[in-house]
Amino acid sequence: MDLYDIRSELSDEEQMVQDTVGRFVDEKVLPNIGEWFEDGYFPRELIPEFAELGLLGSSLEGYDCAGLNSVSYGLICQELERGDSGLRSFVSVQSSLCMFPIYAYGSEEQKEKWLPPMARGEKIGCFGLTEPHGGSDPSNMKTTAKKKGDDWVINGAKMWITNGSIADVAIVWAMTEDGVQGFLVEKGMKGFDAPEIKHKMSLRASITSSLYFDNVVVPEANRLPKVKGLKGPLSCLTQARYGITWGGIGAAQACLRELLDYTADRKLFGRPLTQTQTTQLRLAEMSRQITLGQLMSLRLGRIKDAGKLHPSQVSLAKWNNIRMAMDVARDARDLLGGAGITVEHCPIRHMLNLESVITYEGTETVHQLIIGRELTGEMAF
Ligand code: TGC
Ligand code: FAD
């Protein structure tokens with residue numbers, strides 16, 4: 001599973017983080033995840049355990065957060081997504097999309113109020129950027145925040161919002177006279193509703209919701225004071241997309257692991273599948289793809305920890321690693337034959353989840369166009 005011994009490139013602390021989260025996934029997630037996925041159930045009971053392990057806001061310093069480096073955060077995402085993309089999604093949203101903007105752009109009062117209980121898993125966050133008319137182009141957002149005395153009045157709608165219905169606080173990005181700004185909209189505020197979106201065929205062990213704002217009055221104290229413009233939400237996406245590049249590796253590793261066992265046991269035409277050349281070729285191809293993805297994410301993590309990360313570098317890895325994971329999951333599903341269509345085996349669950357992962361946090365096309373813009377200087381969106 002680790003042909004290039006990437007593990008030896010990790011520090012003792014990074015190895016410990018990987019082992020701890022890996023054990024948690026093996027013991028608490030893998031025995032149950034098929035049933036949770038089938039039932040469309042997000043296991044909220046795991047949130048205190050995520051918190052206990054220091055997985056919430058793990059890269060932040062202070063405020064009861066673990067202060068781990070970026071590679072450790074990546075390994076957390078990899079191990080969680082080896083379990084299921086829905087669990088990694090929960091941690092991505094809580095950590096990178098909610099705690100990060102409060103930490104980076106919030107007032108001291110906002111940080112004191114929200115970060116420690118979010119790190120302890122007592123308060124849940126969601127991140128509202130995408131709108132029903134089109135998520136790829138958030139500069140065209142229709143949700144507005146208008147100043148009224150000391151307050152702001154928010155109107156509009158957000159769609160496909162992870163954790164929306166269970167969130168205590170929504171980081172909502174809205175258009176103001178001064179451009180895009182972020183607001184902390186709290187559960188129970190009058191005019192704010194967050195119904196769950198049902199009938200999903202993907203990310204079934206995760207909660208996805210719409211957010212509606214009908215003249216929601218939000219005090220000035222709930223506006224993120226330290227950022228204006230689209231770079232506010234886009235900088236949060238860079239954090240989350242980085243973690244997702246690692247997550248794809250975990251999903252692909254889970255599929256390959258299961259296949260190695262299955263193809264060794266499955267006897268056809270008088271011999272195990274593993275003794276046929278095309279099976280070996282397909283397993284080898286998966287291993288090649290996973291190894292390339294591992295090298296990309298590790299390099300990205302080291303660049304990020306050195307403070308030299310450029311968002312287009314993250315786009316390249318998100319595009320590569322999620323496409324890689326989809327290819328691995330689909331081919332793994334096929335190598336399982338008919339057995340591959342049930343949740344008894346993980347590839348079809350990962351395959352379906354990855355349909356969301358390749359769409360959210362910037363579709364594959366958006367990331368390709370970001371690389372195109374980086375290479376040519378031409379904006380082709
Ligand atoms: P553009 O002109 O490129 O940029 C506007 C300003 O933002 C800065 N910037 C970034 N900063 C940090 N990180 C990034 N990734 C950044 N990208 C851009 C940029 O420097 C500029 O700053 P300034 O100071 O000059 O104003 O803006 P654009 O409108 O041309 O952007 C185009 C595009 C397509 C790249 C962007 O709109 C985009 O990325 N679209 C995709 C939207 C998206 O990814 N939405 C995701 C929603 S959240 C989600 O899916 C969560 S799923 C979570 C889960 O469950 O795991
Ligand atoms: P569109 O933007 O309408 O895109 C449709 C198609 O057009 C895509 O294939 C796209 O690549 C293509 N396209 C777009 N522009 C161009 C172009 N210029 N040239 C060529 N092709 C183009 N959002 C949040 O804000 N917060 C969340 O927590 C969140 N969680 C999510 C959870 C799930 C399970 C899912 C599925 C989505 C989530 N999203 C969230 C929304 C996600 O970020 C959006 O779905 C995504 O950004 C794409 O937006 P869209 O769905 O409106 O598709």
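The values are calculated or read from the model by the stated rules, or taken from the named source; none is laboratory data. Predicted model only: the values in this text are computed from it and were never measured. All Cβ positions, even for glycine, are placed from backbone atoms using ideal geometry, and neighbour counts span all protein chains on display. Surface accessibility is based on the protein's heavy atoms, side chains included, excluding ligands, DNA and RNA. Shrake-Rupley method; radii C 1.70, N 1.55, O 1.52, S 1.80 Å.
With a 1.4 Å probe and every protein chain kept in, tell me what percent of the accessible surface of the chain is carbon plus sulfur.
On the chain, the fraction of accessible area on carbon and sulfur atoms equals 52 percent.
According to the square roots a ≥ b ≥ c of the eigenvalues of the Cα gyration tensor, what is the shape class of region 31-177, taking rounded for a/c under 1.5, prolate for a/b larger than b/c otherwise, and oblate for the remainder?
oblate
Compare Gly128, Gly229, Gly54 in a GNM of the chain, Cα atoms joined below 10 Å, and give the one with the largest fluctuation.
Among Gly128, Gly229, Gly54, the largest GNM mean-square fluctuation belongs to Gly229.
Over the Cα atoms of region 295-381, each weighted equally, I'd like the Debye log10 I(q)/I(0) at q = 0.19, 0.23 Å⁻¹, rounded to two decimals.
Rounded to two decimals, the profile gives -0.87, -1.04.
Can you give me the solvent accessible area of Phe24 with a 1.4 Å probe, rounded to the nearest 10 Å²?
20 Å²
With a cut-off of at most 12 other beta carbons within 10 Å, and DSSP calling the residue loop, which GluC sites (Glu not before Pro) in region 253-355 qualify? Please list them.
Those satisfying the criteria are Glu344.
Ignoring ligands, DNA and RNA, how do Arg88, Arg44, Arg323, Arg330 rank by accessible area with a 1.4 Å probe, largest first?
Arg44, Arg330, Arg323, Arg88
If you rank Trp319, Trp114 by how much accessible surface each has, with a 1.4 Å probe, what is the order from largest down?
Trp319, Trp114
Over all directions, how big on average is the projection of the convex hull of the alpha-carbon atoms in the chain, in square nanometres?
19.0 nm²
How much accessible area does Arg299 have with a 1.4 Å probe, in Å² rounded to the nearest 10?
Approximately 150 Å² for this residue.
Add -39500 (n - 2.57) for each DSSP H run of 4 or more in the chain, then divide by its residues: what number comes out at 222 nm, to the nearest 500 deg cm²/dmol?
Estimated from H runs of four or more residues: -15500 deg cm²/dmol.
Rounded to whole Hz and in sequence order, give me ³J(HN,Hα) for region 70-83 from the Karplus expression 6.51 cos²θ - 1.76 cosθ + 1.60, θ = phi - 60°, writing x for Gly and Pro.
Values per residue, Gly and Pro as x: 5, 5, 5, 4, x, 5, 4, 5, 4, 5, 5, 6, 4, x Hz.
Skipping prolines and chain starts, which residues have an amide H placed within reach, meaning under 5 Å, of the one on Ile124, given they are 5 or more residues away or on another chain?
Asp168, Val169
Which of Gln289, Gln275, Gln368 ends up with the largest GNM mean-square fluctuation for the chain, with Cα atoms connected below 10 Å?
Top of the fluctuation ranking is Gln275.
Please check: in the Gaussian network model of the chain (C-alpha springs, under 10 Å), which one of Lys147, Lys308, Lys318 has the largest mean-square fluctuation.
Taking springs between Cα atoms under 10 Å, the residue moving most is Lys308.
Give the separation of the Cα centroids, region 97-159 to region 322-340, in Å.
Cα centroid of region 97-159 versus Cα centroid of region 322-340: 37 Å apart.
What ranking of Tyr103, Tyr242 comes out by heavy-atom accessible area, probe 1.4 Å, highest first?
Tyr103, Tyr242
Roughly how many whole Å is it from the C-alpha centroid of region 214-286 to that of region 360-380?
Computed from Cα coordinates, the inter-centre distance equals 20 Å.
Under 18 Å Cα-Cα from Lys142, which aspartates and glutamates qualify once same-chain neighbours fewer than 8 residues away are excluded?
The reachable aspartates and glutamates, counting only those whose Cα sits under 18 Å from Lys142, are Glu131, Glu177, Asp178, Asp193, Asp214.
Can you give me the solvent accessible area of Met159 with a 1.4 Å probe, rounded to the nearest 10 Å²?
Number for this one is 50 Å².
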